[in-house]
């Protein structure tokens, strides 16, 4: 399995990105739990103490974007399946190859519904709230949405692997600005993938085919 990751400190949720044809889950003692043969694209594991409660979600849940089954799987901390969100389709709450996910400080779940060319947002109870984006090359549209993150103000950052940029939206999904273009110079991207924003609103982007991580710090007043 090939995997790249960007993660916060030990008290924050960790975001891991990877692709595999066969995965296993193990308990803390190393005992075998189960195997899967789907395309697992992204994992969000909530903190075992404190953090999950602040997000309005059950402590210790693991959220998995399963692109092969077109669902978001929800598991307990030890790997036991709890429920799944969505099914394959184009209606609100359905997915077509979901690849990345993110949970913000309000407990809202963001999903890159990649081949529906949109971002879907679900509440802490996993009910559909809203979606934004469509296929295209105009500002606010997507060609291949991938990584998702939110800053302290609730703005949403989405990497696009085909448009080679990062688009920034307000919490309601209205486009604010875009960062980058195709290239290898600083501030340019070649297949940007995962994205993470730390407690100081520094933006980390996995610039995959340039084989680097780029870090951005937006100046005050750039996003209104």
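Whether any residue in region 89-105 is part of a loop (DSSP other than H, G, I, E, B), touching a strand residue (DSSP E or B) at 6+ places or on another chain (Cβ under 7 Å) and touching a residue at least 40 places away in the same chain (Cβ under 8 Å) is what I want to check. Looking through region 89-105, at least one residue is part of a loop (DSSP other than H, G, I, E, B), touching a strand residue (DSSP E or B) at 6+ places or on another chain (Cβ under 7 Å) and touching a residue at least 40 places away in the same chain (Cβ under 8 Å).
One line per residue, one yes/no per condition, for (1) in contact with a strand residue (DSSP E or B) (Cβ under 6 Å, 6 or more places away or on another chain); (2) touching a residue at least 60 places away in the same chain (Cβ under 8 Å); (3) over 26 Å from residue 43 (Cα atoms); (4) surrounded by 16 or more Cβ atoms within 10 Å (Cβ to Cβ):
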| residue | (1), (2), (3), (4) |
| --- | --- |
| 166 | yes, no, no, yes |
| 169 | yes, no, no, yes |
| 172 | no, no, no, no |
| 179 | yes, no, no, yes |
| 185 | no, no, yes, no |
| 191 | no, no, no, yes |
| 195 | yes, yes, no, yes |
| 202 | yes, no, no, no |
| 208 | yes, yes, no, yes |
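Considering region 104-152, and only residues there that are within 24 Å of residue 217 (Cβ to Cβ) and in contact with a helix residue (DSSP H, G or I) (Cβ under 9 Å, 6 or more places away or on another chain), the residue that is modelled with the lowest pLDDT turns out to be 105. Scanning region 54-88 for residues that are touching a residue at least 60 places away in the same chain (Cβ under 8 Å) and in contact with a strand residue (DSSP E or B) (Cβ under 9 Å, 6 or more places away or on another chain) turns up 55, 57. Restricting attention to region 64-79, the residues that are surrounded by fewer than 19 Cβ atoms within 10 Å (Cβ to Cβ) and not in a loop (DSSP other than H, G, I, E, B) add up to 1. If you check residue 140 against the conditions, is it free of Cβ contacts under 8 Å to residues at least 60 places away in the same chain, within 22 Å of residue 71 (Cα to Cα) and assigned to a loop (DSSP other than H, G, I, E, B)? Judged against the criteria, residue 140 is not a match.
The values are calculated or read from the model by the stated rules, or taken from the named source; none is laboratory data. Every value quoted in this text rests on a predicted model; they were computed, and no experiment measured them. Positions of Cβ are backbone-derived with ideal geometry, glycine not excepted, and every protein chain shown enters the neighbour counts.
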